[in-house]
Ligand SMILES: Cc1cc2nc3c(=O)[nH]c(=O)nc-3n(C[C@H](O)[C@H](O)[C@H](O)COP(=O)(O)OP(=O)(O)OC[C@H]3O[C@@H](n4cnc5c(N)ncnc54)[C@H](O)[C@@H]3O)c2cc1C
């Protein structure tokens, strides 16, 4: 069996690894000339690490990460406690995105990745799918996986009329910088006023990842640094949490990433007989739950578990969709509960409820993570 995966992001590359482990020939197509990842940190939760363990790369991933904890403070520096949840519900691994995609690309095998080759369209036949690329070439495969992100071209053909939408007024600023010249005694995530939240987390290699988000932001004016500094005051009170402002002020303007958050609306279907969507292509969601990649990694594992060299592709994709669409309807509910929490303590509690649900599901439904050795 042969699979074509579109997109060499975290989910496309993990799909490539999972499908190869299932004994399927895989080629991953990426339209960029290199494997690239916006240079910032990424939190991976226990369910994603369980997938990487099953794929045989868990230790390598841990080696480029720092075990961290997601606890929130208020602007006055007080911890927002969530006594109904255990320590494990707050634990995640902070990795550098670019290092993760490099590691995943090595695990897929660089020979199995075609760079600078964009997906253009597909044509489905009874027993195969023909995939056409922007350079005029085409390839026949048994299955096509669209892991081409929030602006997915595969989705545009498979599910017309569901383009990515702006999460109106939701903006984020972030950077990874060296800690040189700073003392960063701990990690700190703050739920502030005016729907702002943010903080900083130390990386495994002596850097610090800072981020700042705002829901319902007024229109942006000024430089990216000015925008972030204008908002960081909403995270400070009584002289507390001043380090975040210092980190922002010390970051060169060109190193600050600023994004308008984009969402993919709930889709009526994720698959056809031989085409499936995975990752942000299927479910780009608001990063206030910091779990889009973690959940997309599960998509990849499930595809790898369901597709087998001699198996029935349409049946496997139907099973994938039957599992994932209801799962994401629930994710959307839990995510909305966090977003619309009326107070910071309730935000913290709904957040812990979401991570508890997400990570405990692996023990309740181990078959979701089935990836054969
Ligand atoms: C501010 C922010 C913070 C976040 N923090 C976290 C976090 O801490 N933890 C977490 O789990 N998630 C987090 N997320 C979510 C996470 O970043 C995404 O869910 C994840 O990166 C999606 O990966 P992907 O592989 O599906 O898509 P992408 O990373 O978008 O990759 C898609 C790939 O497809 C390629 N491509 C696109 N079109 C084509 C085409 N036509 N032909 C060929 N290739 C194509 C692109 O170049 C790209 O390489 C965060 C998101 C944001 C915005």
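Please determine, in degrees from 0 to 90 and to the nearest 10, the orientation of helix 292-306 with respect to the longest principal axis defined by the Cα atoms of the chain, where the helix direction is its Cα long axis.
20 degrees
Relative contact order for the chain: what is it in percent, counting Cα pairs under 8 Å that are at least 6 residues apart?
The value is 24 percent.
Hey, for a label at residue 110 modelled as a point 7 Å past Cα toward Cβ, could you say which residues of region 1-45 have their backbone N under 15 Å away?
Residues passing the 15 Å test: 33-36.
Give me the distance in nm between label points sitting 7 Å out from Cα along the Cα-to-Cβ direction at residue 221 and residue 25, one decimal.
That separation, rounded to one decimal, is 6.0 nm.
Given contacts defined as C-alpha pairs under 8 Å and at least six residues apart, what's the relative contact order of region 165-262, whole-number percent?
It comes to 39 percent, rounded to a whole number.
Out of all DSSP beta bridges in the chain, what portion is antiparallel? Express it as a percent rounded to 5.
Expressed as a percentage, antiparallel bridges in the chain total about 75.
Round to the nearest 0.05 the FRET efficiency obtained for residue 322 and residue 238 when R0 = 56 Å and r is the Cβ-Cβ distance.
Efficiency, rounded to the nearest 0.05: 0.60.
Expected output is a single nm value to one decimal: the length gained when fully extending between residue 78 and residue 343, i.e. 0.36 nm times separation in residues minus the C-alpha distance. What is it?
Once the chain is fully extended between residue 78 and residue 343, it gains 94.0 nm.
I'd like the distance between the alpha-carbon centres of region 266-291 and region 23-51, rounded to an integer number of Å.
15 Å
What distance in nm lies between label points placed 7 Å from Cα along the C-beta direction at residue 85 and residue 134?
3.9 nm
Which distance in nm do the two modelled labels at residue 126 and residue 182 give, with both placed 7 Å along the Cα-to-Cβ direction?
According to this spin-label approximation, the distance is 6.2 nm.
If a paramagnetic tag sat 7 Å from the Cα of residue 250 along the Cα-Cβ line, which residues of region 186-202 would have the backbone N under 16 Å from that point?
So the set is 186-188, 199-202.
For a label point 7 Å from the Cα of residue 329 along Cα→C-beta, name the residues of region 266-310 whose backbone N is under 11 Å from it.
none
Given the options 87, 150, 228, which has the most mean-square fluctuation in a GNM of the chain, springs set between C-alpha atoms less than 10 angstrom apart?
Fluctuation is largest for 87.
Values quoted throughout were computed directly from the atomic coordinates according to the rules given, and no laboratory measurement underlies them. The structure displayed is predicted, hence computed values, not measured ones. Glycine gets a Cβ as well: all are built from the backbone with ideal geometry, and neighbour counts include every protein chain shown.
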